[in-house]
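Shown next, in structure tokens, is the structure this report addresses.
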Amino acid sequence: MLNPATSSHPSSAASTLWLLLLALAGVVMVVPMGFILSAWLDASDTTQMMLQAMAHTVLPQYVATTAWLCLGVSLGAGSMGLVSATLVTLYEFPGKRQLEWLLLLPMAMPSFIVGFAYTDFFQFSGSLQSHVRQWLGWQGALWPDIRSLWGAVLVFSLTLYPYVYVLVRAALLERASHLMVSARLLGASSVRRWMTIAWPMSRPAWVAGLSLVLMETLADYGLSSYFGIQTFSTGVFKAWLVMDQPALAAQLSSMLLLGVFVVLLLEAKARQHMRFHARGGGHDGQAHQAMPLRGTSGLVAALLTSLPVVLGFGLPCAILISAMLKEPIALQMANIWQWTFNGFYLAALTAVLAVAVALLFTTAKRLHPHAVTRLGAHLIGLGYALPGTILVVGVLGTLSGLDRLLGLSGSSALIASGGALMWTYLIRFSAVAMQSIESGYSRIPQALDEASKTLGQPAGATFVRVHVPLLKTSLLTGLLLVFVDVMKELPATLVLRPFDHDTLAVVAYQLARDERLGEAALPALLLVAVGLIPVVLLIRSMRKTPDK
């Protein structure tokens, strides 16, 4: 008779094969980071001299500009997300039902595309300044150049605040709304309710959202390069491509990597408190009763929540559509499908591989919760926090080292075939798929696994018969999220794309950089349309939340 207690465990050979597969996948994902850190060990005298020269010239500017950029974006995106989430969650005002999902639309706008549109509209020779100067009879500039540090802060804030908005709104719905109702019935003022209930309960979510915003800011290359801002990301590109110093680029990347790890530590610290407060109150109808705002207060609330949507999505789209209509679109149609296809197949293949890697590690952590599987899952999860600039340096450096070690030239073939680019994508975006799958696993009770073991089913059968059917939605969500992220990715694609394999993101960036916004408008709008896919999914999930 079959013994369930023993048959539920995989055989020794299967367990060894499983661990080897995990180790191989982990090595492939982590080795490029090892190359970046090892650059300090074997750097030549020339590299050290150049680094010392940069330390006395441009490196302080890299540090200062990146720090000011992060501070400004933290204040801008943090305040927009917090105010918007607070108003639409805790108060009732005209247009609230529509603004709840409209506030997510700027998430579909890549920051460098908004930068292109705003430059064409707000610059000295742009349509807005030209009309206003003509109307006022003014000769000089009406405001500072948009292509500056403050302009980058504005664009990043408008495109990245939804990260803060989504998390803070969820925290307020889950923890604070029912207590706000109780405090109001007890006579507490609005200010006191906010300071003693809403803010303390939403603060961990606010910090976590702000961490995502900062990681996206540190990872940016397109907007910073187009605006001429000397950040660490642009400095890494210059060291690699302009100065032809891979080791120097790796050393600069390791400095940026340290900043990313600091942001991750802040996020991890915030997440420790995400479940500190009990949900309480349930969803009994009164728990999500919003306080009505009438008259001037309601109009101010509607204006404050509408402004980020208009500036972050509506105005850029209108500018791009206007620029596109002034250009002969037919001239681009011969190439637009090729650019779309190039990005499509890279994104589709990467999405499948990323979901496979994420499923491998999340399933291993679920079925075999050893220290090795947990460590592997954590390492893979770090990928999304690493800027594409860093990963390019790590992947190319790893390939060059393998060529020297083995006496081969396989890196050229791997780059020409797009393999190096997909490797970079895989490291960066597997974490996105992993988050989706882990969220799905969190909704599968552990009791189902125990029941399967009791019935004598091995771990593999439990995965196929129990987990996979329940993870279908999470797997599809992970596929779509990775697909869209790859379609919009710019720095790694610029460097590692195969010859004559431009994508929509690359073409839009190159055309706009050459001041050809009318030609860049069509690929940019197509890219925005693709970016709306995960936003629509998020909107649908938010509508299912029982907050009405």
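Derivation of every value follows stated rules applied to the coordinates shown; laboratory data play no part. This is a predicted model, so every value here is computed, not measured. Because the Cβ atoms are built from the backbone with ideal geometry, glycine has one as well, and the counts that use them run over all protein chains shown.
Spacing of the modelled spin labels on Val58 and Leu402, each 7 Å from Cα toward Cβ, amounts to 3.0 nm.
Between Asp514 and Gln338, the simple label model (points 7 Å from Cα in the Cβ direction) yields a spacing of 1.4 nm.
From the alpha carbon centroid of the stretch 436-451 to that of the stretch 289-314 is 39 Å.
Sort 71-77, 468-474 by packing, meaning the average of other beta carbons within 10 Å per residue, with the highest value first. Walk me through the numbers before you get to the answer.
Values: 71-77: 19.7, 468-474: 15.1.
Packing order, densest peptide first, comes out as 71-77, 468-474.
Less than 5 angstrom separates the built amide H of Met291 from those of Tyr91, Glu92, all sequence-distant by 5 or more or on a different chain.
Length available on full extension from Leu299 to Ala413: 0.36 nm per residue minus the Cα-Cα distance, which gives 35.0 nm. Across the stretch 483-497, coupling constants 3J(HN,Hα) worked out from phi with the 6.51/-1.76/1.60 Karplus curve, θ = phi - 60°, read 4, 5, 4, 5, 4, 8, 5, 10, x, 5, 5, 4, 8, 9, 5 Hz, and Gly and Pro carry x. Centroid-to-centroid, using Cα positions, the stretch 383-399 and the stretch 499-526 are 24 Å apart. The 3J(HN,Hα) values that the Karplus relation (6.51, -1.76, 1.60; θ = phi - 60°) gives for the stretch 459-475 are, in residue order, 4, x, 5, 4, 5, 6, 8, 10, 6, 4, x, 7, 9, 4, 5, 5, 5 Hz. Gly and Pro appear as x.
What FRET efficiency do you get for Leu142 and Leu24 if R0 is 56 Å and r is their Cβ-Cβ distance, rounded to the nearest 0.05? Let's see the in-between values first.
On the way: r = 59 Å, r/R0 = 1.06.
Efficiency computed from Cβ-Cβ geometry: 0.40.
Note on the stretch 441-548: percent of Cα-Cα distances in each 5 Å bin, starting at 0 and stopping at the bin with the largest distance, equals 2, 10, 14, 13, 12, 10, 10, 9, 8, 6, 4, 2, 1, 0.
Couplings 3J(HN,Hα) for the stretch 68-82, derived from phi with the Karplus relation 6.51 cos²θ - 1.76 cosθ + 1.60 (θ = phi - 60°), are 5, 4, 5, 5, x, 5, 4, 5, x, 5, x, 6, 4, x, 5 Hz, where x marks Gly and Pro.
If one computes P(r) from the Cα atoms of the stretch 115-160, what percent of pairs lie at distances over 12 Å? Beyond 12 Å sits 60 percent of the P(r) for the stretch 115-160. The amide H of Gln245, built 1.01 Å from its N in the peptide plane, has Trp240 as neighbours under 5 Å, considering only residues 5 or more places off or on other chains.
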